[in-house]
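Reading through the structure tokens given below for one structure.
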Amino acid sequence: MSILLKNAKLFDGRTFSAEITDLFVENGRVSAIGGGLDGSGAKEVIDLSGKILSPGFIDLHCHLRDPGQEWREDLHSGSLAGAAGGFTTLVCMPNTDPPVDNAALVRYLVDKGEGCKGARVLPAGCVTRERRGTTLAEMGKMALAGAVLFTDDGSPVSDGKILRLALQYTSRFGVRIMEHPEDMTLTMGAQVNDGTCSSLSGLKGWPAAAEAADIYRGISLSADTGVPLHFTHVSAAESINAVRAGKSSGCKVTCDVTPHHLCLEETMVIDGGYDPVFKVNPPLRSGSDRDALWEGIKDGTVDAIATDHAPYHTDEKDVPFQEAAFGIPSLECAAAAVMDEWEKRGKPCSLEKILSLFTSGPAAILPERWKTLGSLTPGAPADLTVIDPGLERLVDASTWFSKSRLTPWDGKKLKGWPVMTICGGKVVFR
């Protein structure tokens, strides 16, 4: 199918074009970019009227719950939810039942993902067998089968010897390890941030040091092996400082932050009457931690924004706070939440910086064959997201494609929404 997108403010993954631009899509790829393109051969001509045209958004970290937990989410519902949120690529986490720790399960996800009608689904594989942290999984075979990241997400690779060995092993095939940074000896039984929220609520506190300690360890192991390591859902000031220092020393570490840690903070747990929609791992942090994440975006410490979309059934969240599962679903409003917060903060960095964290930033962390997803150049896959930065509307989770609809943003007005998503040259959301 051929599509001509006209009169766009083009963002190529790093910078905006100086002039209003057209883009022609043909055979699933970007065919031409420029002003005044002829649309006579196009099946459809779409006038974007100055809206932003960007490479498709990439989510390095979401939970689609397949195999084994499809009552929470599945590849089909998650793929459609991702497309509705402007995402064209989703990396699904392997902490499923059974865990994705072998090539057969990776192939299962690759094959099933090809039938999805929304965003592209790419699988992550486990670092260790059954996520137990004791024996390496078949990472080489999983990489060949299509795994694009390795992680024991939901828990860290707590054995330093195993993590060091895994780093050395993955250096052979170019698939990065994503570490869930947490010293679990410091967080056992914790419910909320160790600070104002724990003091006022009496709930057990989750210290930010538990996250930073694992990041310091990972930086040391990455420096020792010379192998890149990615830290996911970084949430606290000390953690950002650690990553910043690691990068300054030449260490090949990267990190992502989540929309909920950028937009929400610990006092909302109390002000919200201990509503479990605010319960997440790692917990919502202090206002100063949130400010530190934005500073990390501004100075380039942060490499990507990843949703950590964590869907649960209502029965698992609509219970007393202490009994509820940890997790916030957000695929369909994540980009809008970040755009809205960016504007409310007085635009502390360029819009180019924000959009790069959804596009070229995460693309750079994926294996070589997927890196072109974060750019707009002739010949690149036609994965495109159209954003209307002036559009304001309420989040209505009852209309979501996701199966999980208990979210802190339900009923909130946000400004700056994806309004069209094209994946592989096909319009998958409009």
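Overview of results
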quantity: Residues of region 365-379 that turn out to be open to solvent by 50 Å² or more (accessible area, probe 1.4 Å) and within 17 Å of the chain's Cα centre (by Cα), as a count; calculated: 1
quantity: Test: residue in region 395-408 that is of a type in the set (Phe, Trp, Tyr) and open to solvent by less than 10 Å² (accessible area, probe 1.4 Å); calculated: no
quantity: Residue in region 252-265 that is under 18 Å from Ala324 (Cα atoms) and at pLDDT 95 or above present; calculated: yes
quantity: In region 127-156, residue most open to solvent (accessible area, probe 1.4 Å) [restricted to those that are out of contact with any helix residue (DSSP H, G or I) (no Cβ under 8 Å at 6 or more places or on another chain) and part of a loop (DSSP other than H, G, I, E, B)]; calculated: Arg132
quantity: Unmet criterion (only one of (1) among the aliphatic types (A, V, I, L, M); (2) under 21 Å from Glu26 (Cβ atoms); (3) touching a Leu at 6+ places or on another chain (Cβ under 7 Å); (4) open to solvent by 20 Å² or more (accessible area, probe 1.4 Å)) for Val427; calculated: (3)
quantity: Residues of region 157-168 satisfying the condition of being in contact with a helix residue (DSSP H, G or I) (Cβ under 6 Å, 6 or more places away or on another chain) and open to solvent by 50 Å² or more (accessible area, probe 1.4 Å); calculated: Arg164, Gln168
quantity: Filter pass, Gly272 being of a type outside the set (Asp, Glu) and over 30 Å from Trp400 (Cβ atoms); calculated: no
quantity: Test: Thr187 is crowded, with 22+ Cβ neighbours inside 10 Å, among the polar types (S, T, N, Q) and either modelled with pLDDT of 95 or more or not in a loop (DSSP other than H, G, I, E, B) (or both); calculated: no
quantity: Filter pass, Ser220 being surrounded by fewer than 17 Cβ atoms within 10 Å (Cβ to Cβ) and under 22 Å from Gly296 (Cα atoms); calculated: yes
quantity: Subset tally (residues that are in contact (Cβ under 8 Å) with a residue 60 or more places away in the chain, under 15 Å from Leu10 (Cα atoms) and either out of contact with any strand residue (DSSP E or B) (no Cβ under 8 Å at 6 or more places or on another chain) or open to solvent by 10 Å² or more (accessible area, probe 1.4 Å) (or both)) for region 352-364; calculated: 3
quantity: Residues of region 83-117 that turn out to be assigned to a loop (DSSP other than H, G, I, E, B) and within 19 Å of Gly374 (Cβ to Cβ), as a count; calculated: 2
quantity: Single residue of region 28-60 satisfying the filter (of a type in the set (Gly, Ala, Ser), in contact (Cβ under 8 Å) with a residue 60 or more places away in the chain and part of a strand (DSSP E or B)) that is surrounded by the most Cβ atoms within 10 Å (Cβ to Cβ); calculated: Ser54
quantity: Checklist (1) touching a Ser or Thr at 6+ places or on another chain (Cβ under 6 Å); (2) closer than 23 Å to Ser330 by Cα; (3) aromatic (Phe, Trp, Tyr) applied to Phe24, failing item; calculated: (2)
quantity: Members of region 407-430 that are farther than 22 Å from Leu90 by Cα and either at pLDDT below 95 or assigned to a strand (DSSP E or B) (or both); calculated: Lys413, Leu414, Lys415
quantity: Matching residues in region 241-265 - criterion: being open to solvent by 10 Å² or more (accessible area, probe 1.4 Å) and charged (D, E, K, R); calculated: Arg244, Lys247, Lys252, Glu265
quantity: Odd one out for Lys112, checked against (1) in contact with a Leu (Cβ under 6 Å, 6 or more places away or on another chain); (2) open to solvent by less than 30 Å² (accessible area, probe 1.4 Å); calculated: (2)
quantity: Meets criteria (modelled with pLDDT of 95 or more, within 18 Å of Ser350 (Cβ to Cβ), open to solvent by 70 Å² or more (accessible area, probe 1.4 Å) and out of contact with any Leu (no Cβ under 7 Å at 6 or more places or on another chain)) for Arg14; calculated: yes
quantity: Test set (1) open to solvent by 20 Å² or more (accessible area, probe 1.4 Å); (2) without any contact (Cβ under 8 Å) to a residue 60 or more places away in the chain - Trp294 fails condition number; calculated: (1)
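The values are calculated or read from the model by the stated rules, or taken from the named source; none is laboratory data. If you're wondering where the values come from, they're calculated on a predicted model, not measured in any experiment. Note that we place each Cβ from the backbone using ideal geometry, even for glycine, and neighbour counts take in every protein chain shown. Side chains are part of the model used for accessible areas, which takes the heavy atoms of the whole protein and leaves out ligands, DNA and RNA. Shrake-Rupley method; radii C 1.70, N 1.55, O 1.52, S 1.80 Å.
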